[in-house]
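The values are calculated or read from the model by the stated rules, or taken from the named source; none is laboratory data. Just so it is clear, the structure is predicted and the values come from calculations on it, not from any experiment. Cβ coordinates were reconstructed from backbone atoms using ideal geometry, including for glycine residues, and neighbour counts include every protein chain displayed.
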There are 2 protein chains.
Amino acid sequence: MALCLEHFMNTRKQQPLPQTPTAADYLIASRQCELMNLQYFLQMGKLVQSISALVHGLQRERGASNVFLGSGGEKFSREREAMVADSERLEDLFSQALSEVHSELTAHPVSSHLLNHIATALYGIESLKEIRVQVKGLSLSAAEATSAYSHLIHNLITVVFEAADTVVDPSIAGLLVAMVHLMNGKEYCGQERAVGSAGFSSGGFDSALSQRMMHLIEAQERCFDVFVSFADTESKDLWHKLRAHDREQEIERFRGLGCSVGRYKALDPELADTWFALMTERIDELKKVEDAVEGQFHARCVERFAEARGSLADQETLIASLDAQGQSSQPLLVLCETGGESGSQAGDAWASEGVGQQFGRSIFDLVQEQTHRLQQMNDELQSAKEALEDRKTQEKAVLLLMESRGIDNDQAHRVLRKLAMDQGRKLPEVARALVSMADVLK
Amino acid sequence: MALCLEHFMNTRKQQPLPQTPTAADYLIASRQCELMNLQYFLQMGKLVQSISALVHGLQRERGASNVFLGSGGEKFSREREAMVADSERLEDLFSQALSEVHSELTAHPVSSHLLNHIATALYGIESLKEIRVQVKGLSLSAAEATSAYSHLIHNLITVVFEAADTVVDPSIAGLLVAMVHLMNGKEYCGQERAVGSAGFSSGGFDSALSQRMMHLIEAQERCFDVFVSFADTESKDLWHKLRAHDREQEIERFRGLGCSVGRYKALDPELADTWFALMTERIDELKKVEDAVEGQFHARCVERFAEARGSLADQETLIASLDAQGQSSQPLLVLCETGGESGSQAGDAWASEGVGQQFGRSIFDLVQEQTHRLQQMNDELQSAKEALEDRKTQEKAVLLLMESRGIDNDQAHRVLRKLAMDQGRKLPEVARALVSMADVLK
């Protein structure tokens, strides 16, 4: 594949600037542009993979840091060090992936948002070194450490969300939407592990902890729903296997203990270790599903790239043969000038039925075909775009609620969910209504 | 300005690939990306200008061709030839503008739609040569010729619409939205001239012609409304002067004659010449407003480009001074390693308050600032994006109605307007509802 890409890059660079641009030139340029988009996502795939791996490493490190801090430095000291080393290796891989895609990323005049999200994520990675020092020195609470890790993970996932926004091919966009929602769901699962650990190890859940746990369960289910509606068959199968595993029932039982704060009773702190192990297993299994989606994503990119390249080559051949038929690159211009000089009716009649028109009609067909193809792709993209848009709108609605009511993230999510329930509407719908009303009320 | 751009291009090319990318690198990249977007629109401005000029030339040529064909070749024979020569000159200027922006246009991995619209427009220009031969030979009806010219003009304006979709800067986006709606309104005005000419010269308007005229008047008013809500003060002043001119009342009187088909009576065919002259004057005045918007657009691009370049330079200086303060490009990493070796609590305490943190906090501030800026720009872009989206949705709704009911463009517009009136809702709203329902019913 590397060879293919290189060949294509060369082709692109050798493309001469047309002196008098023709419809055929721009038809080819439009198709080349699609090819560039696919190539871009072939490269972005590597970045997404490195983000997925880094997020997983950070989730493990966050878990270990939590236990380490919770036990006053007694537990997981060595494990945490190993995980830090592992995360640092993954950070380097992320850096490397970024460097490889750097020129593609920065060539794009509309990617200022994406680049700024990368800056935010990199800032988080840079600050992490400081956090680790503080965790090691036990000078940070478990909650503070969790919040720092969670922020960074959120920012890394946002990079993938932002990247997904520029896909042109609907099947690739769908897989990326599946991927990013799976990542998001897995992250909620990681946060649930932390909240559960805090509750179980302290012998019980207070109302705030219990509500937070419910929020994380609901948020993760919603992400997985979107994942299922966009994922490929193979990844969905893996997902259903995960769901059918006995572990899930065990987790449900633990969740029941954590969420039923009404009938509060002291819990055996020993449960904390079992909970942590169960959830860690679940998160590792989720990572395998993530790897499957990623494999599919890469395969689909390679496949679509090959198709698009083949189709571009066909078009070029077709256009060249039309040119040869016309005996000139601009038959219509020639005909027009002839008509202008002689003004003969016979010549005009020939012109309207002859080679020139034939040429015109065929290029017209090709351009029309491309218009329909792009329109159809746009229509098919719609649902993927909406899934991405829904997430943005929800985040915006939550921020609005946090600011206007002075409440925290969880509470804002709860207000939103309650609104949706009370009005019998879907969550994205309520979020949209809220955001649009806020614009009016501002 | 050319020098500035060249300087910037050089700066951009010299940008080395960062070995280990930092938040600062990507913050700068994000700002450079905004600059690239502004530069892109500085260049696109020339293309838009050439399209505006070409559209005006084609509108004149269409008008003359109509009179020429309507008079069986008696009238406007020489004028038409002169206009054809003028349009051909403008076609060359459009080609030239395209060539100049070619590398920018094709570097963009998400511009396949734009490139395909350019292909469609170029195809129309290529076919025009044939149309002109047929007009000259009187082998085309006035209606057929009008339709060919109108198609091409529509496709040229669509190029500007599509280009407007990728603006990042809200003030520039607003001017481009004003520009493209003015172009669109002016084109409806041109079509109204043709319809009126047909009616007046044949001595009366039948119901179809009269309804078409009403449709064109309403469509043009809606475009001008959008223009007014996005235009700069100077262009709006010019527009209000145009509206206050005596000519407008004269035109209203003629419109009254054309639209009051109920009290049908034979009209003096002499009116056709007056109507044509009045509307031509109006169209020429509209072109002057268009030129004013264009001038503003260019000035705004230059201004925003200079601002963005200054602000980028400031950021670079600031970051460099932060680096110098930190005595190292990666102070946090150094601190972390020191911490790892000594593990001293004192060292950690210093690290959390010292130079490293100071550095971190400042870069953090800059990144946050950029996040807020981009978010705010996005919010401000919203109304411009909606205006563009409304047009697309309306076109889609009209196409849907045409296909499902087997009616023509005018009738589809009427159905849409009637729906809006009956339901007391705005046109874009009804169009959106229709498009979304069609997706469900498909």
Regarding B:Val67, is this residue at pLDDT 95 or above, within 30 Å of B:Ala272 (Cβ to Cβ) and more than 24 Å from the chain's Cα centre (by Cα)? no
Collect the residues in the range B:135-161 that are within 18 Å of the chain's Cα centre (by Cα) and within 11 Å of chain A (Cβ to nearest Cβ), keeping them in residue-number order. B:Asn155, B:Thr158, B:Val159
Cβ-Cβ under 7 Å pairs, at least 6 apart or on other chains, the range B:386-415 side free of Cβ contacts under 8 Å to residues at least 24 places away in the same chain, far side among the β-branched types (Val, Ile, Thr): B:Asn409/B:Val398; B:Ala412/B:Val398
From the list A:Ala306, A:Ala272, A:Ala313, which residue is out of contact with any Lys or Arg (no Cβ under 9 Å at 6 or more places or on another chain) and within 19 Å of A:Met83 (Cβ to Cβ)? A:Ala272
Kindly indicate whether B:Thr166 is more than 10 Å from chain A (Cβ to nearest Cβ) and either within 23 Å of the chain's Cα centre (by Cα) or not hydrophobic (A, V, I, L, M, F, W, C) (or both). no
Can you tell me how many residues within the range A:76-90 are more than 27 Å from the chain's Cα centre (by Cα) and of a type in the set (Lys, Arg)? 2
Does the range B:124-134 include one or more residues that are farther than 21 Å from B:Phe161 by Cα, more than 11 Å from chain A (Cβ to nearest Cβ) and over 28 Å from the mean Cα position of the chain (by Cα)? no
Residue check, B:Ala208 small (Gly, Ala, Ser) and buried (at least 19 other Cβ atoms within 10 Å of the Cβ): no
Identify all residues within the range A:83-108 that are under 13 Å from A:Arg132 (Cβ atoms) and within 14 Å of chain B (Cβ to nearest Cβ); write none if there are none. A:Val84, A:Ala85, A:Ser87, A:Glu88, A:Glu91
Scanning the range B:102-135 residue by residue, those surrounded by fewer than 22 Cβ atoms within 10 Å (Cβ to Cβ), out of contact with any Leu (no Cβ under 8 Å at 6 or more places or on another chain) and outside any loop (DSSP other than H, G, I, E, B) turn out to be B:Glu104
What residue, among those in the range B:399-412 that are at pLDDT 85 or above and under 25 Å from the mean Cα position of the chain (by Cα), is surrounded by the fewest Cβ atoms within 10 Å (Cβ to Cβ)? B:Leu399
Do the conditions hold for B:Ala97, that is, is it modelled with pLDDT under 95, over 20 Å from the mean Cα position of the chain (by Cα) and closer than 25 Å to B:Leu286 by Cα? no
Filtering the range A:28-76 down to residues that are aromatic (Phe, Trp, Tyr) and either part of a helix (DSSP H, G or I) or out of contact with any helix residue (DSSP H, G or I) (no Cβ under 9 Å at 6 or more places or on another chain) (or both), which residue is surrounded by the fewest Cβ atoms within 10 Å (Cβ to Cβ)? A:Tyr40
Could you check how many residues of the range A:417-429 are closer than 25 Å to A:Val160 by Cα and touching a residue at least 12 places away in the same chain (Cβ under 8 Å)? 2
With the requirement that a residue be part of a helix (DSSP H, G or I) and over 24 Å from B:Ala53 (Cα atoms), what does the range B:268-302 give you? B:Leu271, B:Ala272, B:Asp273, B:Thr274
